[in-house]
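Please treat every number below as a calculation from the coordinates, not as lab data. Just so you know, these numbers come straight off a predicted model, no measurement behind them. Cβ: placed from backbone, ideal geometry, glycine included. Neighbour counts: every protein chain shown.
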Amino acid sequence: MRHRLEYALAWLIVKFVGALPRPLARAAGITLGWIICFLHRRLRWVGMRNLALAYPEMSRRKRARILRGVFTSLGRQLAEVCLFPKYTRENVEEVVVYDGFENFQRAVARGKGVLFLTGHLGGWELSAFAHSLYGHPLHVVMRALDNPYLDRLTREYRIMHGNSMIDKDEPVRALLSAMKAGETVGILMDTNMTPPQGVFVDFFGIPACTPSGLARIALRTDAAVVPGFTIWDPELQKYRLRFDPVVEVIRTGNDEADIVANTQRFTKIIEDFVRRYPDQWLWVHRRWKTRPAGGEALY
């Protein structure tokens, strides 16, 4: 019953916000974000705790300002997702523009597949969606939602223009097949994991159990690893889908050490982007939940 009620509420929000003109939809989405911030004490606590861990020197007032920005960012993204059915190849530039697209083109030209290194920053749901509208559909590694009704709804929106989903629990065969075919796969690798799927690397100077699949596939296939993030640009009043140059993969011949070294390299790229846009990252996720053996719980 709870799953059905959650789905009904989500469906109503999606349809209501999606029926509004874009400026009103964004305002409605941001308002919903602020309401969630006000009502959801647990999320606020996790966000402030994470910001204190990452920025111990920062004042509480500044951390709170960043956290308010996070809920603004989440609300804005919610509005854009609700508007997905209205977006086409002809109007997508009004919402998302490319920045550094030549870096993606060079990666594709290598012919060994592209691993799109990204995280929960800015409008991550818009990344694959806009890229597919521009004519470049891709596979996205995602974990199924606990609510099967909501999962079906979100999948319908995510695959609207040719993208496909890869189950996070069983990605290896699908990833290898995609790389062999020279295709693109997007991987969000800034979430908490548990061993053996995750390895410990530093994130903001704190050991974080981090998905190692991207490093494993890159080492095995020689696919191009391209950082890509969809960032809200307040001057443009649009999102910029930014592609950086291909990341050079570390190869020493020691596979396990190389997996950790490359995962650390990829995580540092994400951290650098988060430091540039702290109010657009998902601070309300318990990123440091899994601790090394004997480590003290942080939440």
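Test of understanding: what is the full-extension gain from LYS15 to ASP169, defined as 0.36 nm times their sequence separation minus their Cα-Cα distance?
The LYS15-ASP169 span can extend by a further 52.4 nm.
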- Note on the structure: In deg cm²/dmol, rounded to the nearest 500, the helical mean residue ellipticity at 222 nm of the chain, built from -39500 (n - 2.57) for every DSSP H run of length 4 or more, is -15500 deg cm²/dmol
- Query: DSSP loop trypsin sites (Lys or Arg not before Pro) in region 107-164 with at most 16 other Cβ atoms within 10 Å of their Cβ, which ones?
  - Reply: ARG110, LYS112, ARG143
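For the chain, give the magnitude of the charge dipole about the Cα centre (Cβ charges: +1 Lys/Arg, -1 Asp/Glu; no others), in debye to the nearest 20.
Numbers: 42 positive and 30 negative charges, 206 e Å.
With only Lys, Arg, Asp and Glu charged at Cβ, the dipole is about 1000 debye.
Out of region 49-130, which GluC sites (Glu not before Pro) are coil in DSSP terms and have no more than 12 other C-beta atoms within 10 Å?
GLU57, GLU90
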- Item | Rg to Rh, two decimals, where the chain supplies the alpha carbon set and Rh follows Kirkwood | 0.95
- Message: Using a Cα-Cα cut-off of under 16 Å, which lysines could be cross-linked to LYS180, ignoring same-chain neighbours fewer than 8 residues away?
- Response: LYS112
